[in-house]
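Visitor: Supplied in structure tokens, the structure appears directly below.
The values are calculated or read from the model by the stated rules, or taken from the named source; none is laboratory data. Bear in mind the structure is a predicted one, so any value in this text is a computation, not a measurement. Cβ atoms come from the backbone with ideal geometry, glycine included; neighbour counts cover every protein chain shown. Note: areas computed on protein heavy atoms with side chains; ligands, DNA, RNA excluded. Shrake-Rupley method; radii C 1.70, N 1.55, O 1.52, S 1.80 Å.
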Amino acid sequence: MRSLSENEMTALRLLAEGGGSLIEWRVPETNDKDPVFGTVTPGHTTYRRLEKLGLVFYTEEEPFDLPGDPLVGFCFSRDI
């Protein structure tokens, strides 16, 4: 197994700090660097690499449909 990059280690640390999961929409598409402090926020590209290694997974959510419900086809936010 290969060594994890600094971004991958940060992503795993953020997952641990978040109680083991992160809501998908709170993660940037690509790695995001803070212009002031220089800290990097891992993006979906990093989490997808970790998923390929079997270290994280994206939940699969089915649409929530109830007869007469105004939220027809409502989809829950996926977690990492």
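Visitor: Inside the range 1-59, can you point out the residues that are part of a loop (DSSP other than H, G, I, E, B), in contact (Cβ under 8 Å) with a residue 12 or more places away in the chain, open to solvent by 80 Å² or more (accessible area, probe 1.4 Å) and among the aromatic types (Phe, Trp, Tyr)?
Guide: Hit for the range 1-59 is 57, nothing else.
Visitor: Taking the range 11-30 as the region of interest, how many residues are out of contact with any Ser or Thr (no Cβ under 7 Å at 6 or more places or on another chain) and of a type in the set (Ser, Thr, Tyr)?
Guide: Qualifying residue count, the range 11-30: 1.
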